Amino acid sequence: MSPLGVHGAVPPEFSEFFRAEYPRLVRGLAAAGATVEEAKDVAQEAMLELAGIWPNCRRPYGWVRKVAWHKYLKIAERDRKRTNGEWQACLHPPAVHDYDDPDEKEWVRQRLLELPPRQRAVVALYVDGYSTDEIGELLKMEVSTVRSHLRHARTALRRSIEGDQPEGGP
């Protein structure tokens, strides 16, 4: 019998899980720096893999997130290597004081994109409500490494915000 049921049908429990968790997973990936298309693709791939092992998966919430994060980090690493020059420019952007789009969410997204992929992933999970222990488990990192990524990300974000302040500003 297929892991998806007798005739390849999806079990109702998986359907409920998918409806509840897919949007949250996509939001988390997008917050980590994935484009919406990348986030949807990676989330879908992870959910398909989960569907294949659904009856035997004891912790689907953590499993699907871990798989999705690893898939996204692979994409981010590949893109980083392919466009190293552009990537370096993102890590050290010039100070910009005028934004074409004053939308706060876009501004925050741009600040997050300045972070390295691992720091973005840790920050996104932390903002999504995961503890440092849970993040370490999901990303296969020591808790001390998670805390270090959070500390470095906060420092980088603080510097980025300070760099956005007008001369003699608040």
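The values are calculated or read from the model by the stated rules, or taken from the named source; none is laboratory data. Because the structure is predicted, anything quoted here is derived from the model rather than measured. Cβ sites come from the backbone with ideal geometry, for glycine too, and all protein chains shown count toward neighbours. Accessible surface is based on the protein model in full, side chains and every heavy atom, while ligands, DNA and RNA are left aside. Shrake-Rupley method; radii C 1.70, N 1.55, O 1.52, S 1.80 Å.
Here is a check on your reading of the model: is G33 within 14 Å of L138 (Cα to Cα) and open to solvent by less than 50 Å² (accessible area, probe 1.4 Å)?
no
Give the stretch 36-65 a look and list any residue that's among the hydrophobic types (A, V, I, L, M, F, W, C), open to solvent by 70 Å² or more (accessible area, probe 1.4 Å) and farther than 22 Å from R111 by Cα, or say none.
Result: L48, single match.
Does any residue of the stretch 7-17 turn out to be open to solvent by less than 70 Å² (accessible area, probe 1.4 Å), modelled with pLDDT under 90, outside any helix (DSSP H, G or I) and touching a strand residue (DSSP E or B) at 6+ places or on another chain (Cβ under 8 Å)?
yes
Of the conditions (1) crowded, with 22+ Cβ neighbours inside 10 Å; (2) touching a residue at least 60 places away in the same chain (Cβ under 8 Å); (3) not aromatic (F, W, Y), L113 satisfies every one except a single condition; which number is it?
(1)
Could you please find all residues in the stretch 31-59 being touching a residue at least 40 places away in the same chain (Cβ under 8 Å) and within 13 Å of the chain's Cα centre (by Cα)?
A31, A32, G33, A34
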